[in-house]
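> Below you'll find the structure I mean.
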Amino acid sequence: MALMKIYKYGEPILRRKMKPVDPAIIRKKLQPVIEDMFETMEAAHGVGLAANQVGLDMRLAVISIPSGDEGETIDAVLINPVIVEKTGEMNEEEGCLSFPGIFAKVKRFQKVKVHCFNEKGMPVEINAEGLFAKAIQHEMDHLDGICFTDKVSAISRLKIKPALSRLKAETERNMKR
Ligand code: NI
């Protein structure tokens with residue numbers, strides 16, 4: 001188990017569409033990666049993490065959200081996820097481990113049904129709503145190179161613009177080192 005580097009806004013991989021995972025390698029090769037992603041997400045106090053946020057070009061994301069019971073979480077591994085049904089609408093605040101300190105409201109579907117492979121390489125269907133649905137949509141956007149800041153209202157974008165510029169400049173300085 002090891003903590004992975006979390007790529008911040010300004011890193012080109014956050015803007016790329018990730019490649020599908022061959023389901024045959026999930027069981028054999030991806031277990032250590034999935035464990036490290038959970039550990040990295042938890043250490044950073046995040047509720048979701050997409051593979052490109054840790055520099056990996058694959059359609060894989062992990063999610064761990066509070067379940068309502070004290071200290072309990074709902075954990076999910078999404079590999080090659082596809083949304084097959086979506087209903088309702090919500091507009092709630094989001095943040096992202098690649099955008100530390102930046103928060104803004106984003107419109108999402110209230111409920112989604114997703115088909116994907118799980119950590120065992122088995123096809124599964126996930127029915128999610130509320131925070132779980134929000135996290136799934138946020139992470140799936142990452143896999144297409146889309147960040148939550150792309151989807152905020154014009155007013156919110158103006159508000160977060162200075163922080164985004166500072167973060168991008170900092171990332172670019174770090175990339176040159
Ligand atoms: Ni994110």
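The values are calculated or read from the model by the stated rules, or taken from the named source; none is laboratory data. Because the structure is a prediction, the values reported are computed rather than measured. No Cβ is skipped: glycine too gets one built from the backbone with ideal geometry, and neighbour counts run over all protein chains shown. Calculation scope for accessible area: heavy atoms of the full protein, side chains included, ligands and nucleic acids excluded. Shrake-Rupley method; radii C 1.70, N 1.55, O 1.52, S 1.80 Å.
> Does segment 59-69 include one or more residues that are assigned to a strand (DSSP E or B), away from the ligand (no atom under 13 Å from the Cβ), in contact with a Cys (Cβ under 7 Å, 6 or more places away or on another chain) and open to solvent by less than 60 Å² (accessible area, probe 1.4 Å)?
Scanning segment 59-69 turns up no residue that is assigned to a strand (DSSP E or B), away from the ligand (no atom under 13 Å from the Cβ), in contact with a Cys (Cβ under 7 Å, 6 or more places away or on another chain) and open to solvent by less than 60 Å² (accessible area, probe 1.4 Å).
> Follow-up. Go through segment 81-101 and report how many residues are small (Gly, Ala, Ser) and surrounded by fewer than 12 Cβ atoms within 10 Å (Cβ to Cβ). Quick ask: steps written out before the conclusion?
From segment 81-101, those small (Gly, Ala, Ser) are 88, 95, 98, 101; that's our starting set.
Next, from what is left, pick out any that are surrounded by fewer than 12 Cβ atoms within 10 Å (Cβ to Cβ): 101.
Qualifying residue count, segment 81-101: 1.
> Tell me which residues, restricted to segment 85-105, are within 13 Å of Ile136 (Cβ to Cβ) and under 17 Å from the mean Cα position of the chain (by Cα).
Residue satisfying the conditions is Glu94 alone.
> Suppose the filter is small (Gly, Ala, Ser), open to solvent by less than 50 Å² (accessible area, probe 1.4 Å) and either more than 16 Å from the ligand (Cβ to nearest atom) or free of Cβ contacts under 8 Å to residues at least 60 places away in the same chain (or both); does Gly145 pass it? It would help to see each step written out before you state the result.
Details: small (Gly, Ala, Ser): yes; open to solvent by less than 50 Å² (accessible area, probe 1.4 Å): yes; either more than 16 Å from the ligand (Cβ to nearest atom) or free of Cβ contacts under 8 Å to residues at least 60 places away in the same chain (or both): no.
No: the conditions fail for Gly145.
> Another one. Please go through segment 102-123 and give me each residue that is open to solvent by less than 70 Å² (accessible area, probe 1.4 Å), assigned to a loop (DSSP other than H, G, I, E, B) and either within 15 Å of the ligand (Cβ to nearest atom) or hydrophobic (A, V, I, L, M, F, W, C) (or both), ordered by number.
Within segment 102-123, the subset open to solvent by less than 70 Å² (accessible area, probe 1.4 Å) is 102, 104, 106, 108, 110, 112-114, 116-119, 121.
Filter again for assigned to a loop (DSSP other than H, G, I, E, B), leaving 102, 110, 118-119, 121.
Within segment 102-123, just Ile102 meets the criteria.
> I'd like to verify a number: residues in segment 3-57 that are in contact with a strand residue (DSSP E or B) (Cβ under 6 Å, 6 or more places away or on another chain) and either open to solvent by 30 Å² or more (accessible area, probe 1.4 Å) or not β-branched (Val, Ile, Thr) (or both), how many?
Number satisfying all stated conditions: 10.
> Right, here's the next one. I'd like to verify a number: residues in segment 83-96 that are under 23 Å from Cys116 (Cα atoms) and either of a type in the set (Asp, Glu) or outside any strand (DSSP E or B) (or both), how many?
Within segment 83-96, residues that are under 23 Å from Cys116 (Cα atoms) and either of a type in the set (Asp, Glu) or outside any strand (DSSP E or B) (or both) number 4.
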